[in-house]
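Scroll down for the structure; my scribbles are underneath it.
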Amino acid sequence: MSAKEMAERLAREELPLLKANIRQILASTNDETRSLAEIGEFVSRDPALTAQVLRLANSVMYSTGRAPLNSLPRVLMILGLVQVRALCFSAMVLESTVAASYQERVFTLLRSSLELAGQARFLAEKFRVDPEPYFLAGLLSQIGRIAFWCAGGAEADSLHQALHDGYEENEAEQKILGYTLSQVDHSLLAQWGLSSLRQLPNCAGIRLVPQAKLLIELMRDDDTSALEKELLRLQPLFQQAPRELLRALRENRERSLAVLPRDFLHDPALDNNQIVGSVSLQMRVLADMHALPKSGSYLSSLVQMAVNGLWRAANWDQAVFAILTAQGWREKFRAGSDQDAAKPWALDAIVPDDLLSSGWKRVEICDENGAKVLRLGQAGAAGLLTLLGRPSGLLLVASNTAEPKDLEPQFLAFERFYRQLVKMLSTLD
């Protein structure tokens, strides 16, 4: 079988997608207040979904016979939200088809594809050209590999064994397959009518996607000498000092990877296997929160943004928003993982009356009689939220593993999110 034949086979397969992203997309396409640009951003977080949407938009059914469609907002205008939702529903079912043995390979490819896409867009913006095609070119640069490790069958099994036996990637691919997976990347894009993404214009003589890839590799290898030399070469083009450019590249890397679930972010190349999270990312989430209209109809979006921000940007293992019902406190929004997530929250009979009477408190989330309970402690935090003078919910965060002495930065982040959320709730009409 040739690379082209493998691509033809994979082109007939449906690719698994990220479940968390799918839920966001389904919610956003059902929200009339969302713009096409916002929905396009959700879709672009997953290479497989982006490929499916672009593939459909460039098919005979939708194509206008003009130049290939490389802009997601424009594609969404042509497809319509109903079709996008149908794609997402199908993807939710198909996500479970990934062989467990190869999930880590797929997740690694997703991480590197997102990082490349983000840095390619960053460079395009620096040159003041349309960044969308360059972002998509980076995002789909490894789509053939992703498809192969999802649906490669016996060939994937054989290649996996060869890699496990110590063969280098190119050597193993040629020995087992007779071609490289890079050829499958190219052939699959051709199958889907997206070859134009490999032929994007140069800017000032620079091919932006390969340039972005080179910068990423130098940062990962921590090759300071080569990196400084490359940034000095780019300085006249960007009119930015090398040190400032490097800082901007690293911040852009965090933003690019921030959309992934935390489990995907364990990477030896990222800060000694630490999870991505920084003050800059926290500030970005807070800025997004402040950008929402000051209306009660946006309460759910505001709280969800805070919960996701605490989990994603402040590094808590779990973040929860609970509401008070006739049966007591019950979980409404969640971000993060919990080994006993199926157990109900039963906070009403446990929390002392004065625990949340003012500000926020350090607490522990424990199990008692099969339910979640709060105690004063050092492994988490809780703060009461009020709307129009009445309790409207409880914001909770918890660490499953960290020592209390290591949590000080996270408590500071919680206070930052909590105070901003209280401030914004007081202004809602």
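Counting charges near P131 (Lys, Arg +1; Asp, Glu -1) among other residues having Cβ under 13 Å from its Cβ returns a value of -1.
For the cross-link pairs K332/K423; K361/K405; K4/K213; K332/K405; K4/K175, the ones whose C-alpha atoms lie over 28 Å apart are K332/K405.
Read-outs: derived from the displayed coordinates by stated rules, not from any lab. All figures in this text were calculated on a predicted structure; none of them were measured in a lab. Cβ sites come from the backbone with ideal geometry, for glycine too, and all protein chains shown count toward neighbours.
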